[in-house]
Amino acid sequence: MVAGRPGRTQGPGGASANGRGARDATRLAGARVAGGLRGPACASREAGVRRWVNGATHGAADGLRRADLGRIAVGAKADLCTIDVSGLLVGSGAVGPEPLNNLLYAGGAHVRHVITQGYVQLYDGQLVVDDETRVQQRGAAAVREIWGQLRAEGWFRGG
């Protein structure tokens, strides 16, 4: 299990419990949409998905006036994810001239590595911060509890 930074409470997968991360994520998500719809990323001549990736990364960070986000650089906060876009189910089996287009067909099973706040969370498709089975069991228990509550409130018909 990878330890979090001192003074921070982190849940499974490195989620911050101090609330600031959620606020920042909400702001960044809004800026990503805005960055993808207008601004420097949209005004460029970059084709297709690359334009949207740029809008969702450094374009959104620039919109927030956060030079420490959205780029791979010394001193920048790094949340990185690698996705296999060469496989048969996401592409032709070969990486083409515009591999980012294959992201449209990729799903969670194609994610190979995840690093958040400098900590490896997923390596070669395997969760490394906790026991995968235990995480699934906790998730299943939480979902069953939610379903039970919804059932008790009459959200489901039948049984």
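The values are calculated or read from the model by the stated rules, or taken from the named source; none is laboratory data. What you are looking at is a predicted structure, and each value in this text was computed from that prediction instead of being measured. Because the Cβ atoms are built from the backbone with ideal geometry, glycine has one as well, and the counts that use them run over all protein chains shown. The area values use the complete protein model at the heavy-atom level, side chains included, leaving out ligands, DNA and RNA. Shrake-Rupley method; radii C 1.70, N 1.55, O 1.52, S 1.80 Å.
Things worth noting here:
- For the stretch 101-159, chymotrypsin sites (Phe, Trp or Tyr not before Pro) meeting the loop criterion (DSSP other than H, G, I, E, B) and having at most 16 other Cβ atoms within 10 Å: TRP155, PHE156.
- Global geometry of the stretch 48-87, whether rounded, prolate or oblate, following the gyration tensor of its Cα atoms and the 1.5 cut on a/c: oblate
- Over the stretch 111-153, accessible surface divided per residue gives 71 Å², non-protein components excluded, 1.4 Å probe.
- Tensor-based shape of the stretch 52-124 (alpha-carbon gyration tensor, a/c under 1.5 rounded, otherwise prolate or oblate): oblate
- Carbon + sulfur, % of accessible area of the stretch 44-159 - ligands and nucleic acids excluded, 1.4 Å: 58 percent
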